[in-house]
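Written out below as structure tokens is the structure these notes cover.
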Amino acid sequence: MRTSRYAVIGCGNMGSAMAAGLVRGGVSPDALSLADAGTPVLPEPLVGCAVGHDNAAAVSSADTVLVAVKPYLAEAVLSGIAPALRPGALLINVAAGVTVEQSRAALVGAPGGVDVVRAMPNLAAALGEGTVAVAGETPAGAARALEALAPLGLIAELPETLFPAVSALSGCGIAHALRFLRAGVTAGVAMGLRADMAAALFAQTMRGAAAMVAAGEHPEAAIDRVCTPAGLTVRGICELEANGFTGAVVKGLRACCIGR
Ligand SMILES: NC(=O)c1ccc[n+]([C@@H]2O[C@H](COP(=O)([O-])OP(=O)(O)OC[C@H]3O[C@@H](n4cnc5c(N)ncnc54)[C@H](OP(=O)(O)O)[C@@H]3O)[C@@H](O)[C@H]2O)c1
């Protein structure tokens, strides 16, 4: 069980996903203060948790503060909570496109020792299977964020210049992966499987492929091991590539990346 106290400001899609991932990862719901402008519907492990409307009250007892409001609201929300932060608190802002420097500039009146970190998570954080890129104002702040967010999945420290690429690959990429999954289900149904069985099989196949890469296998080496010479698998891969598969994936992900 983790002992740090967390506050989550903005409990929409991303804030509630991160809060859910923290609880699944061992943070007690009693150690979470949730605040939102409205009355969000919370996902399963958070059902029953109170959501307040007073951001300052929520952060006043927290060692780690996650701010997950829309980017255009981030500056006002940070200014509002700044005086209420605890000295030495870790402040993590996940608003896309908002730099560490901009977050720091908004924290007028914050007490000393507050560490400011920018983070780019994705929604699988809710299941502890997310990716979160973090960039800290200082290496010590980044190290604190790596520790604080560890229950959410793969946490990587990266320079802010790479955040647009991370946003495309991990933030948007999850939808691209789901589109691939859905296409596989369509193929399965066309070949006679029921849709739910096709989805279960293909999702587990994608999970297995991801696990092989996570275990250190190079994707191309693994493909070579699966493809029997002159066999059916390589025939299918040739068909995919003849239809522009790799090019379409690269183009699709780059289209999600500002400036690429
Ligand atoms: N969604 C993703 O996959 C994703 C991925 C990476 C990063 N992000 C970042 O995460 C942030 C949140 O995105 P989202 O998709 O979770 O948006 P969202 O679903 O709209 O959630 C934002 C929440 O903040 C609440 N809120 C608005 N004003 C507030 C205030 N002054 N104080 C406290 N809460 C307030 C909203 O309440 P009302 O709805 O009642 O206004 C809403 O519940 C964005 O900055 C986005 O760039 C999102």
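In whole angstrom, note down how far apart the Cα centers of the stretch 1-73 and the stretch 191-208 are. That distance is 34 Å.
Distant-in-sequence amide contacts of ALA156, defined by a placed amide H-H separation under 5 Å and a gap of 5 or more residues or a different chain, comprise VAL132, ALA133, VAL134.
Suppose every Lys and Arg Cβ carries +1 and every Asp and Glu Cβ carries -1, with no other charges. What dipole size does the stretch 147-209 come out with about its Cα centre, to the nearest 20 debye? Could you put the intermediate results ahead of the total?
Working: 4 positive and 4 negative charges, 91 e Å.
Using Cβ point charges on Lys, Arg, Asp and Glu, the stretch 147-209 gives about 440 debye.
Fewest neighbouring Cβ atoms within 10 Å first, the residues VAL234, VAL94, VAL185 line up as VAL234, VAL185, VAL94. Taking label points 7 Å from Cα along the Cα-to-Cβ direction, LYS70 and MET191 give a separation of 4.4 nm. Kirkwood radius, the stretch 142-260, all distinct C-alpha pairs, inverse of mean reciprocal distance: 16.9 Å. Once amide H atoms are built 1.01 Å from N in the peptide plane, which residues 5 or more positions from VAL8, or in another chain, come under 5 Å H to H? Here the answer is SER33, LEU34, ALA35, LEU66, since their amide H atoms fall under 5 Å of that of VAL8.
Ordered by the count of other Cβ atoms within 10 Å of each Cβ, fewest first, SER28, SER33 give SER28, SER33. Dividing the mean sequence gap of close Cα pairs (under 8 Å, 6+ apart) by how many residues the chain holds gives a relative contact order of 14 percent.
Sorting TYR72, TYR6 by the number of Cβ atoms found within 10 Å of their own Cβ, with the fewest placed first, yields TYR72, TYR6.
With helices as the sole contributors, the chain gives -13500 deg cm²/dmol at 222 nm; each DSSP H run of n ≥ 4 counts as -39500 (n - 2.57), and the sum is divided by every residue.
For the chain, the cysteines with no partner cysteine C-beta closer than 4.7 Å are CYS11, CYS49, CYS227, CYS238, CYS257. The Cα trace of the chain gives Rg and Dmax of 20.9, 68 Å, the first to one decimal, the second as a whole number.
Every number here is computed from the coordinates shown, using simple stated rules; none is lab data. What you see is a predicted model; the values in this text were computed from it and never measured. Positions of Cβ are backbone-derived with ideal geometry, glycine not excepted, and every protein chain shown enters the neighbour counts.
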